[in-house]
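Step one of this worksheet: look at the structure below.
Readers should treat all values here as calculations from the given coordinates under stated rules, not as data from a laboratory. These numbers come from a predicted model, not from an experiment. Methodologically, a virtual Cβ is constructed for each residue, glycine included, from the backbone with ideal geometry; neighbour enumeration extends over all protein chains shown.
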Amino acid sequence: MCRKVVRILSKSISILLFLLLSSSTQVSSDGGVAKVPPGDAVVPLSSSNFDTHIGQYELVFLNFYADWCRFSQMLEPVFKEAATKVLSECKEPNKVLFGKVDCDQETSIAAKYHITKYPTLKVVRNGQVVKREYRGQRSVDALKDYVLGIAEGPS
């Protein structure tokens, strides 16, 4: 009886693991350009896709973060919700991108943008940093209004 239960459980676990692994990762065949997964408004950026995304979008709002930083952890859901709202209101495709950079993994990007504290929010417009960093309120509406204000302003 016990052997039968163990075999059934073992088989079930194997099937679950297979399904989980096969559905969670997709390999990009276009040189590492990150696609925005459906329902995900914030794109993880790395050295392999950073320049491509900066060049593709008129306005990129960047969240430079560290996983271990509690302030980065607190900002993550706020940043994601603000991104969702901005993208739903923005009429033009490829106008605005919300991106996030894990500074522990992407040290070269963090160094290029002089990131010394977490989280740091910066805007890149037409490939150029607009301001040193965003220092306003860290709320969904404040982030949304800030980005939409820049997006609707003169190029």
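Results, tabulated for the structure shown:
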read-out	value
Label-point gap, in nm, between residue 76 and residue 114 - each point 7 angstrom along Cα→Cβ	2.9 nm
Distance violations [Cα-Cα > 18 Å] among 85/112; 95/144; 122/144; 117/144; 91/122	85/112; 117/144; 91/122
123, 78 arranged by Cβ crowding within 10 Å, fewest neighbours leading	78, 123
Cα point-scatterer Debye curve for region 42-152, base-10 log of I(q)/I(0) at q = 0.11, 0.12, 0.17, 0.24 Å⁻¹	-0.29, -0.35, -0.74, -1.57
Alpha carbon centroid spacing (whole Å) that separates region 114-155 from region 85-110	10 Å
Distance between modelled label sites at residue 132 and residue 58, nm, 7 Å Cα→Cβ extension	2.8 nm
Dipole magnitude of region 75-149, debye to nearest 20 (Cβ charges: Lys/Arg +1, Asp/Glu -1, about Cα centre)	280 debye
Burial ordering of 46, 108, fewest other beta-carbon atoms within 10 Å first	108, 46
Spacing of the two label points (7 Å from each Cα toward its C-beta) at residue 107 and residue 139, in nm	3.9 nm
